[in-house]
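Each remark here refers to the structure printed beneath this line.
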Amino acid sequence: MKKILVLGSTGSIGINTLEIARTFPDKLKIIGLSVNNNIDLLQKQISEFHPCAVAVRDKKSAAELKVRIGNSCEILIGDEGLLELTRCNNYDILLSALVGFAGLAPTIEAIKLKKRIALANKETLVTAGEIIIDLCKKYGAELIPVDSEHSAIFQSLIGENKNNIKKIILTASGGPFLNKNKSELENVTIKDALNHPNWKMGNKITIDSATMMNKGLEVIEAFWLFNLPKEKIEVLIHPQSVIHSMVEFCDGSIKAQLSLPDMKLPILFAISFPERYYFDTINTDFKKINQLTFFEPDFDKFECLKTAYKVIEEGGTAPCILNAANEIAVEKFLSGKIKFTQIPEIIDEALNGVAVKFNADLQTIIECDSATREYLNKKLN
Ligand code: MG
């Protein structure tokens, strides 16, 4: 039995993870769950999967949940509760599907316990890539990406010598605004931006897909995960999202991983690796896929993607500033306070206004994240 702790169990990755646990009851056991405040769904998950402990965001949700479930499992609260949940040593795999910077601290706890980290939270590597990779080496923790692109690259690299990589090609759907020109982006609405053509995901990542910041974050994530210079990380628009990413080797051969888009596959792989479990939910029929197309991304239209490459070059805490600014900008866009095209402007403003620190330890990263949020909240209110 593999025992799994799922952080962010009511989000789209969390729900898909539980779907997989439901499919393999003799192989997988859910040990713990964490949510923000969707206790209605959490209550259902608790009665189905019987975790030992759960963590919720605040005291009010905890009290309400307590009334509903009694003493059937331990209820932990807030950031400290989340850390306590990850510190309990009774799991094998941490599936981290938290949204944003909040994913960092619990991931570190699990690394220290030498757990397998199935990482869906990309902000962890974006903000603290160097620290996370070093800690994984130091403690011998396994880091398996859940992001579909990185899972595809990880799978393509099995049995390969990394020195033979010529480049990796991250595919991108291009999001809902692939066919709009730059000036048309001025007036897009929240609803337009949330209307992703291929993937059904949470709001934050869906907006990130519309700005292509999602791909930018993935470039940074790949930079750390696969230890490659940014020149060897290419982005290619592939609207059908069937090729999840590719690796080109020094002899000109290219390996890729393909399937119809469904996050259950990379989640399952991160759990089952090095095994593969029999799973016949996703059946890719090439006879029904009429064409696979590819385009070069428009860096002028998708400024966020360009900025992501720039912060890799800059190094230090620049990616952390980019991430915090993006979280703030997306939040403001989703609450109707700014226009879509202001998202890259706000990110630039933060990168120009907040000092980048080098050789940063974890405390410096946490301070940099807060400093960026404070800087922007002052500027924007
Ligand atoms: Mg992805």
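Quick notes
Conditions tested, residue by residue: (1) basic (Lys, Arg); (2) in contact with a strand residue (DSSP E or B) (Cβ under 9 Å, 6 or more places away or on another chain); (3) closer than 21 Å to residue 191 by Cβ.
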residue: 310; (1), (2), (3): yes, no, no
residue: 335; (1), (2), (3): no, no, yes
residue: 366; (1), (2), (3): no, no, no
residue: 373; (1), (2), (3): yes, no, no
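- When we screen 359, 352 for residues that are part of a loop (DSSP other than H, G, I, E, B) and not β-branched (Val, Ile, Thr), the only hit is 359.
- Of the strands (runs of 3 or more DSSP E) lying entirely inside segment 1-76, those carrying at least 2 residues that are over 25 Å from residue 148 (Cβ atoms) and of a type in the set (Val, Ile, Thr) are 53-56.
- Selected residue (only one of 232, 200, 182 is within 15 Å of the ligand (Cβ to nearest atom) and of a type in the set (Lys, Arg)): 200
- Hits in segment 47-75 - residues which are in contact (Cβ under 8 Å) with a residue 24 or more places away in the chain, open to solvent by less than 30 Å² (accessible area, probe 1.4 Å) and under 15 Å from residue 7 (Cβ atoms): 49, 53, 54, 55, 56
- Within segment 318-350, being open to solvent by 30 Å² or more (accessible area, probe 1.4 Å) and aliphatic (A, V, I, L, M) holds for one residue alone: 334.
- Residues being part of a loop (DSSP other than H, G, I, E, B) and of a type in the set (Val, Ile, Thr) - total across segment 270-315: 5
- Top-ranked residue of segment 82-96 - restricted to ones that are without any contact (Cβ under 8 Å) to a residue 40 or more places away in the chain and part of a helix (DSSP H, G or I), ranked as least open to solvent (accessible area, probe 1.4 Å): 83
- Here residue 249 meets the list (1) farther than 19 Å from residue 151 by Cα; (2) more than 16 Å from the ligand (Cβ to nearest atom) almost entirely, failing just condition (1).
- Scanning segment 333-346 for residues that are touching an Asp or Glu at 6+ places or on another chain (Cβ under 8 Å) and in a helix (DSSP H, G or I) turns up just one, 344.
- Residue that is surrounded by the most Cβ atoms within 10 Å (Cβ to Cβ) [pool: residues in segment 111-135 that are free of Cβ contacts under 8 Å to residues at least 40 places away in the same chain and in a helix (DSSP H, G or I)]: 124
- Answer residue from segment 138-165, given it is open to solvent by less than 10 Å² (accessible area, probe 1.4 Å) and in contact with an Asp or Glu (Cβ under 8 Å, 6 or more places away or on another chain) and is farthest from the ligand (Cβ to nearest atom) among those: 165
- For segment 203-229, the set of residues classified as modelled with pLDDT of 95 or more, away from the ligand (no atom under 13 Å from the Cβ) and within 27 Å of residue 332 (Cβ to Cβ) consists of 207, 210, 211, listed by residue number.
- Looking only at segment 216-240, residues that are open to solvent by 10 Å² or more (accessible area, probe 1.4 Å) and within 27 Å of residue 283 (Cβ to Cβ) come to 3 in all.
The values are calculated or read from the model by the stated rules, or taken from the named source; none is laboratory data. As the structure is a computational prediction, the values presented were derived from the model and not from experiment. Because the Cβ atoms are built from the backbone with ideal geometry, glycine has one as well, and the counts that use them run over all protein chains shown. Quick note on the areas: whole protein, heavy atoms, side chains included, nothing else; ligands and nucleic acids left out. Shrake-Rupley method; radii C 1.70, N 1.55, O 1.52, S 1.80 Å.
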